[in-house]
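Taking it in order: structure first as structure tokens, then the write-up.
The values are calculated or read from the model by the stated rules, or taken from the named source; none is laboratory data. Computed from a predicted model, the values in this text were never measured in an experiment. Here the Cβ is made from the backbone with ideal geometry for all residues, glycine too, and neighbour counts use every protein chain on show. Ligands, DNA and RNA are excluded from the accessible area calculation, which covers all protein heavy atoms including side chains. Shrake-Rupley method; radii C 1.70, N 1.55, O 1.52, S 1.80 Å.
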Amino acid sequence: EQIQRSNERLEFLAVTDGLTGLYNHRYFRKRLQEEFDRATRYALPLSCLIFDVDNFKRINDTYGHLQGDAILREMSVRILRTVRKSDIVARYGGEEFTVILPQTGIEGAAAEAARIHAELSTKPYPGMPDGTPVTVSIGVSTLDCENMLDSDALLRVADSALYEAKRLGKNRVVIGSPEGEKK
């Protein structure tokens, strides 16, 4: 029984980000591939969000890395409160997060991205001075079986949309387009 509990603990640690308690990058990539395979096999909708904290370096430089860590932990709590139980939330790296949205088309993905954006960008964060905004930019992609040949394509479209959100001034959601993804 003790060995089983130890193994379960090691399994949990292997797939979990130590700071946020969310799934880690490696687990995200594994689950994205599994969900992609299922969606393409059974013609199911699938969407993906990737987002990061706007001006996070400035937050760390101004308020310290401990405050930056506290913001990431608080964001993790808020994200988990906002998403469905079936969604897979991970810390992608640094101040970047991802959400896999199984059985979710473009309308549902856009709505969930808007909910997450509002939850993360409109409420104050503990430890931050009043009126100091902490915002996120979000890129959204939805599976297009004709133009996306692998799970990386789904991620590339979401990532491109994130960069477009940054280019347009940050603090927004951008829906990506898979055109030109087929290679």
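List of remarks:
- Single unsatisfied condition, Y63 versus (1) surrounded by 16 or more Cβ atoms within 10 Å (Cβ to Cβ); (2) touching a strand residue (DSSP E or B) at 6+ places or on another chain (Cβ under 8 Å); (3) hydroxyl-bearing (S, T, Y): (2)
- Residue check, A118 buried (at least 22 other Cβ atoms within 10 Å of the Cβ) and of a type in the set (A, V, I, L, M): no
- Every condition in (1) closer than 25 Å to K57 by Cβ; (2) out of contact with any Leu (no Cβ under 6 Å at 6 or more places or on another chain) is met by A114 except one, and the failing one is (1).
- Any pair with Cβ under 6 angstrom, 6 or more apart, that starts in region 77-106 at a residue that is over 21 Å from L143 (Cβ atoms) and ends at one that is open to solvent by 10 Å² or more (accessible area, probe 1.4 Å) and part of a loop (DSSP other than H, G, I, E, B): R91/D17; R91/T20
- Region 66-76, residues that are in contact (Cβ under 8 Å) with a residue 40 or more places away in the chain and either of a type in the set (D, E) or open to solvent by 50 Å² or more (accessible area, probe 1.4 Å) (or both): D69, R73, E74
- Scanning region 133-160 for residues that are aliphatic (A, V, I, L, M), under 14 Å from the mean Cα position of the chain (by Cα) and open to solvent by 10 Å² or more (accessible area, probe 1.4 Å) turns up just one, L155.
- Options L143, L168, L154, L162; residue that is free of Cβ contacts under 8 Å to residues at least 12 places away in the same chain and at negative phi: L168
- A count restricted to region 5-18 and to residues that are surrounded by fewer than 14 Cβ atoms within 10 Å (Cβ to Cβ) and within 20 Å of the chain's Cα centre (by Cα) stands at 4.
- Residues located in region 30-62, provided they are within 11 Å of V99 (Cα to Cα) and either part of a loop (DSSP other than H, G, I, E, B) or not hydrophobic (A, V, I, L, M, F, W, C) (or both): R31, S47
- Filter result (open to solvent by 60 Å² or more (accessible area, probe 1.4 Å), closer than 24 Å to R38 by Cα and at pLDDT 95 or above) within region 161-183: I175
- Answer from R81, R91 - the residue that is within 11 Å of the chain's Cα centre (by Cα) and open to solvent by 40 Å² or more (accessible area, probe 1.4 Å): R91
- Looking across region 19-60 at every residue that is within 21 Å of T104 (Cβ to Cβ) and of a type in the set (K, R), the one that is surrounded by the fewest Cβ atoms within 10 Å (Cβ to Cβ) is identified as R41.
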